[in-house]
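The values are calculated or read from the model by the stated rules, or taken from the named source; none is laboratory data. Just so we're clear, the structure is a prediction, and the values are computed from it rather than from any experiment. FYI the Cβ positions are ideal-geometry reconstructions off the backbone, even for glycines, and counts take in every protein chain you see. Ligands, DNA and RNA are stripped out before the accessible areas are found, and what is left, the full protein with its side chains, is counted by its heavy atoms. Shrake-Rupley method; radii C 1.70, N 1.55, O 1.52, S 1.80 Å.
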Amino acid sequence: MKEFIAFVKKEFLHIFRDVRTLLILIGMPVVLIMLFGFAISVEIRNVNVGILAPQHEVLIDRLANKIDASEYFTVAKWLTSDQEIDPLMKQGKVDVVLAFDNRFASRLYTKDGAQLGILVDASNPNIAASEAMYLMGIVQNYFQNNTQQQIKTGGLSTNVRMLYNPQLRSSYNFVPGIMGLILIIICALMTSVSIVREKETGTMEVLLVSPIKPIVIVFAKMIPYFVISCVVLLIIFVLSFTLLHVPMAGSLFWIVIISMLYVILALSIGLFISTIVDSQMVAALITAVVFMLPVLMLSGMLFPLESMPKFFQWISSIVPARWFIAAIRKLMIEGLAVQYVLKELAILAGMTLIILGVALKKFNDRLE
Amino acid sequence: MAAIQTNQLVKTFNAGKVSAVNGISLTVEAGELFGIIGPDGAGKTTLFRLLTTLLKPDSGSATIDGLDMVKDYKQIRSRVGYMPGRFSLYPDLTVIENLSFYASVFGTTIQQKYELIKDIYCRLEPFADRKAGKLSGGMKQKLALCCALIHAPSVLFLDEPTTGVDPSSRREFWDMLAKLKTHGITILVSTAYMDEASRCNRLAMMNNGRFIGIGTPQTIVNEFDKTLLAIRGDEMYRLLNDVRNIEGIEECYTFGDVHHIRLQKDTNLKMTDIEQILVHQYHHTNVKMEPCQPTMEDCFMNASKKER
Amino acid sequence: MENVIEVQNLVKKFGNFTAVDNISFEVHKGEIFGFLGANGAGKTTAMRMLCGLSYPTSGSGIVAGFDIRTQAEQVKRQIGYMSQRFSLYEDLTVLDNIELFGGIYGVSKREIAERSEQLLEKLQFTSEKNKRVKDLPQGWKQKLAFSVAVFHRPQIVFLDEPTGGVDPTTRRQFWEMILETAHNGITVFVTTHYMDEAEYCHRVSMMVDGHIEALDSPQNLKLKYHAASMGEVFDLIARGAKRSD
């Protein structure tokens, strides 16, 4: 036990001697969260509205005037067919389109009622949500006060469609992705590099010739990065709660448990890498290419998995971060109970067992 | 009991294609300072890794302190000290941190074993808080030796401890080894510097994975059975090539400011003959020649020539 | 005698630290000049200035007829350089390396082809010319590195601890090549801390704490200090050293 403590102490010394790396590890989550949280502005101003009306009707004209008069919106275009919507939005000429039914005013009084569509460019989800809400407010207000008769039958049904980002993923949706990425960097990358460094300097040779057990070396290497991961997790939780207003809807206990499981999995990956390579360069490259890139590309952090080709969806199922991010999203944002993440939990646990087992078996107490 | 005993040790790499250690049998008595000299690639490091249980032999056997190198490797590991070719220190840790870390790895403390390392460590003490990476080669070497000694091993393996260290530090290092011997520690040390061989009790010359000579420094030199001459002249480079053309000369090689000539065993060639040929046939000037005593390096060159 | 290096009162300071402290010396054409000193004595700094890699704080130096202060680029064209740390690209083949370094020094394509053939034949490397350097034995690498450093036929070749960590057999073969090079009229300027190698040099300078403490032929130095070997001479001189790293 004394040997173990001395070993852990030594690992912490290595980390604290290299303050720059430590600052990067702790600073990275802060920077990423700020970036995702604030680079995406939530203010709305001068939103260009397009009005799609098959015929000019007085009712529609008046509504358009009313919208134009508000401080947020400008009526920029009149459209006659829905084919015009896409090019105009892509050019940025309009941000929102208000689409009226054919013979809107007369339909309003029929049994089936009239349809009014609001189409929003949702590539910036926060803004899109606000735009839709404000516009809806104006429209509803107009129909309540300005129509002479109360609309009795059918009436008006508005329907909002978010274009280009149908899931309306807002900034805090990135938090699980950031966690998945940073924990891989700290645990897998740093652990593998720190073990391989001992191979490079030749200290591993001396340690192997000493009576110390390989398992002690392995766990002593893991503990400091486990601790740093916990600190980083705490920072992420606090920042996302206070700055990004992430709901933290589910059970905090299970969020922490799943994060810990993922940390152990990432540590095992680091250990595994260190057993198969001999230079720090290769260790860093392998971690980056084999584990970090898929976290960015295939875990659903940046690109929705549902819209990927089947092949990549299949590949993504062996990326640990995918399951972690899915589980955290459900718990943290959607606020689901733990029963809904049992599958993810089981897959992560299984992966951990396999990788840790293989890594420990491969971690030799000889040089070959 | 012998401290190290090996019997026909063989170790190959790349599925038998490269044989690094090729049938080494060796007995080192307890308390001996035993040297293994040979060039890079002779197989010294592989032999050390076998004896420190880092590698398993393909065939053959060995005991360290009477313990079997395959079966009892765990016990062996607590009894041997090992200093690999690259000084295995943590460059970002200080002198004292390195030492106390290695002490605790072996379940001891600096205070407990201070007596043994005191002579070496006292020279490092002024730099106790300096990072190991900032030490000079000689200092690193001393620290690495302290780290290998901290658990009072009964057998010490030093793999090329003097490579890349300046001459005065090298000499100091051998003085320290001589002192350690008085503590009864068996030391196996490898080196590529032939001039260090004379500091060993006994030594083995190693080349291409085999021993090509074994004995005390004196017996090895005594076994040199050919005539050795030192020659110099005005044009050293031309001299070298011309001497090589003379019938009856086995080898001629540079040796500092002279060239050494080793005659074939059964030749009738005399010093005066050589001088005649060089002066008259090759027009050399100021040729001076004298018989000289073989050094360890001459013996090594002779032995490796024989082996070929 | 013709001088290829002339140095007068050369000084290099880094802040308060004087790495090279007022050194003056000459090196003759075709000479093997040993530049000796313990680690940290200032050898490398002095050599960097001579190669035009570092600007002197004060003093002057002429290397191969060019001023190291004002004509560093011309100096670089006239010299070859080899060090223990970097000499060849390990992942390139023998021939690739020769062509690369020949090209860097502006040797024409035709001449590269001609000379590399001669070189490979002389080194008996012809059959290995398409092997990667990392697959060669250490001794071969060393020979090749040296041959590449003198491939463009420089006036002077600077060797910075060329034999560090190399075994005696290889070192012997290496020094034989140096002897040959000097025999062919190329001046060899070599730093080393292996004192037995100093015996191969025509003249050696011993640097202690940034200045040159002794400069003479090995034989004269041994006589002067009543020493049997250059190692002893060095010990006697270095005893006064204050600096150590």
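Specify the residue that is most open to solvent (accessible area, probe 1.4 Å); the eligible residues are those in segment B:153-178 that are hydroxyl-bearing (S, T, Y) and outside any loop (DSSP other than H, G, I, E, B). Step through it out loud before you land on a result.
If we filter segment B:153-178 for residues that are hydroxyl-bearing (S, T, Y), which is where we start, we get B:154, B:162-163, B:168-169.
Subset that is outside any loop (DSSP other than H, G, I, E, B): B:168-169.
Values: B:S168: 45, B:S169: 16 Å².
Top of the filtered list is B:S168.
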key: Residues located in segment B:220-244, provided they are part of a helix (DSSP H, G or I) and basic (K, R)   = B:R238, B:R244
request  = Take A:L271 and decide whether it is buried (at least 17 other Cβ atoms within 10 Å of the Cβ) and not polar (S, T, N, Q).
outcome  = yes
inquiry  = Against the definition (modelled with pLDDT under 85 and either among the hydroxyl-bearing types (S, T, Y) or in contact with a Leu (Cβ under 6 Å, 6 or more places away or on another chain) (or both)), how does A:V319 come out, yes or no?
reply    = no
request  = Go through the residues of segment A:29-41 one by one and say whether even a single one is open to solvent by 70 Å² or more (accessible area, probe 1.4 Å) and modelled with pLDDT of 85 or more.
outcome  = yes
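Do any strands (runs of 3 or more DSSP E) lying entirely in segment C:1-69 carry at least 1 residues that are touching a strand residue (DSSP E or B) at 6+ places or on another chain (Cβ under 9 Å) and open to solvent by 50 Å² or more (accessible area, probe 1.4 Å), and which ones are they? Let's see the steps before the verdict.
Details: elements: C:3-14, C:17-28, C:32-37, C:58-63.
Fully inside segment C:1-69 and qualifying: C:3-14, C:17-28, C:58-63.
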remark   = Flagged in segment B:23-45 as part of a strand (DSSP E or B) and under 19 Å from B:I220 (Cα atoms), in numbering order, are B:I24, B:S25, B:L26, B:T27, B:V28, B:E29, B:L33, B:F34, B:G35, B:I36, B:I37
query = Which condition number in (1) assigned to a helix (DSSP H, G or I); (2) hydroxyl-bearing (S, T, Y); (3) under 22 Å from the mean Cα position of the chain (by Cα) is the one that B:T272 fails?
reply = (3)
ask   = Within segment B:53-64, can you find the residues that are in contact with an Asp or Glu (Cβ under 8 Å, 6 or more places away or on another chain) and within 11 Å of chain A (Cβ to nearest Cβ)?
value = B:L54, B:L55, B:K56
inquiry  = Would you confirm whether or not segment C:99-120 contains a residue that is at pLDDT below 90 and under 20 Å from B:G164 (Cα atoms)?
reply    = no
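Could you check, for segment C:211-234, whether at least one of its residues is part of a strand (DSSP E or B), within 19 Å of B:F255 (Cα to Cα) and touching a strand residue (DSSP E or B) at 6+ places or on another chain (Cβ under 9 Å)? Explain how you work it out, then say what you get.
Of the residues in segment C:211-234, the ones part of a strand (DSSP E or B) are C:211-216.
Narrowing the set further to residues that are within 19 Å of B:F255 (Cα to Cα) leaves none.
Checking segment C:211-234: not a single residue is part of a strand (DSSP E or B), within 19 Å of B:F255 (Cα to Cα) and touching a strand residue (DSSP E or B) at 6+ places or on another chain (Cβ under 9 Å).
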task = Among the residues of segment C:186-245, count how many are facing another protein chain (nearest Cβ under 8 Å) and aromatic (F, W, Y).
result = 3
request  = Answer yes or no as to whether B:Q111 is open to solvent by 40 Å² or more (accessible area, probe 1.4 Å), outside any helix (DSSP H, G or I) and farther than 17 Å from B:V155 by Cα.
outcome  = yes
remark   = Out of (1) closer than 22 Å to A:E200 by Cα; (2) facing chain A (nearest Cβ under 8 Å), the one B:L99 does not meet is (2)
key: Candidate set: segment A:42-84, residues that are open to solvent by 50 Å² or more (accessible area, probe 1.4 Å) and among the β-branched types (V, I, T); chosen: the one nearest to the chain's Cα centre (by Cα)   = A:V42
ask   = Within the set of pairs 6 or more residues apart or between chains, which connect a residue that is without any contact (Cβ under 8 Å) to a residue 40 or more places away in the chain and within 8 Å of chain B (Cβ to nearest Cβ) inside segment A:199-221 to a residue that is of a type in the set (A, V, I, L, M) and part of a loop (DSSP other than H, G, I, E, B) with Cβ atoms less than 8 Å apart?
value = A:T201/B:L89; A:T203/B:L89; A:V209/B:L54
remark   = Restricted to segment B:197-219 and to residues being open to solvent by 10 Å² or more (accessible area, probe 1.4 Å) and assigned to a helix (DSSP H, G or I), the residue nearest to B:L156 (Cα to Cα) is B:R199
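Being assigned to a helix (DSSP H, G or I) and away from chain C (no Cβ under 13 Å) is the filter here, so list the residues in segment B:289-306 that pass it. Quick ask: steps written out before the conclusion?
Initial filter on segment B:289-306 (assigned to a helix (DSSP H, G or I)): B:296-306.
Correct list: B:K306 only.
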remark   = Matching residues in segment B:137-183 (hydroxyl-bearing (S, T, Y) and in contact with a helix residue (DSSP H, G or I) (Cβ under 8 Å, 6 or more places away or on another chain)) number 4
Test set (1) touching a Ser or Thr at 6+ places or on another chain (Cβ under 8 Å); (2) among the small types (G, A, S); (3) surrounded by fewer than 23 Cβ atoms within 10 Å (Cβ to Cβ); (4) in contact (Cβ under 8 Å) with a residue 40 or more places away in the chain - B:G133 fails condition number = (1)
query = If you check A:L261, A:L244, which single one turns out to be under 17 Å from the mean Cα position of the chain (by Cα), closer than 22 Å to A:L331 by Cβ and touching a residue at least 24 places away in the same chain (Cβ under 8 Å)?
reply = A:L244
ask   = Among the helices (runs of 4 or more DSSP H) confined wholly to segment C:74-189, which include 3 or more residues that are open to solvent by less than 10 Å² (accessible area, probe 1.4 Å) and in contact (Cβ under 8 Å) with a residue 60 or more places away in the chain?
value = C:138-149
note = Of (1) touching a strand residue (DSSP E or B) at 6+ places or on another chain (Cβ under 9 Å); (2) over 29 Å from A:T21 (Cα atoms), B:T108 fails just (1)
message = Filter segment A:346-368 down to the residues that are among the aliphatic types (A, V, I, L, M), open to solvent by 30 Å² or more (accessible area, probe 1.4 Å) and more than 14 Å from chain B (Cβ to nearest Cβ) and list them by number.
response = A:A346, A:I347, A:A349, A:M351, A:L353, A:I354, A:I355, A:L356, A:V358, A:L360
request  = Answer with yes or no whether A:L356 is in a helix (DSSP H, G or I) and either in contact with a helix residue (DSSP H, G or I) (Cβ under 6 Å, 6 or more places away or on another chain) or farther than 20 Å from A:I185 by Cβ (or both).
outcome  = yes
task = For segment B:225-280, name all the residues that are facing chain C (nearest Cβ under 10 Å), among the β-branched types (V, I, T) and within 15 Å of B:P291 (Cβ to Cβ).
result = B:V258
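Which of the following residues is surrounded by 22 or more Cβ atoms within 10 Å (Cβ to Cβ), among the hydrophobic types (A, V, I, L, M, F, W, C) and under 17 Å from the mean Cα position of the chain (by Cα): B:I24, B:I76, B:I64? Before the answer, list the steps.
Numbers: B:I76 fails: under 17 Å from the mean Cα position of the chain (by Cα); B:I64 fails: under 17 Å from the mean Cα position of the chain (by Cα).
Criteria check complete, one pass: B:I24.
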inquiry  = Can you tell me which condition A:I273 does not meet? The list is (1) among the β-branched types (V, I, T); (2) closer than 30 Å to A:T203 by Cβ; (3) in contact with a Phe, Trp or Tyr (Cβ under 8 Å, 6 or more places away or on another chain), and all the others hold.
reply    = (3)
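With respect to B:K71, is the statement that it is open to solvent by 10 Å² or more (accessible area, probe 1.4 Å) and at the interface with another protein chain (Cβ under 8 Å from one of its Cβ atoms) true?
Working: open to solvent by 10 Å² or more (accessible area, probe 1.4 Å): yes; at the interface with another protein chain (Cβ under 8 Å from one of its Cβ atoms): no.
So B:K71 fails the test.
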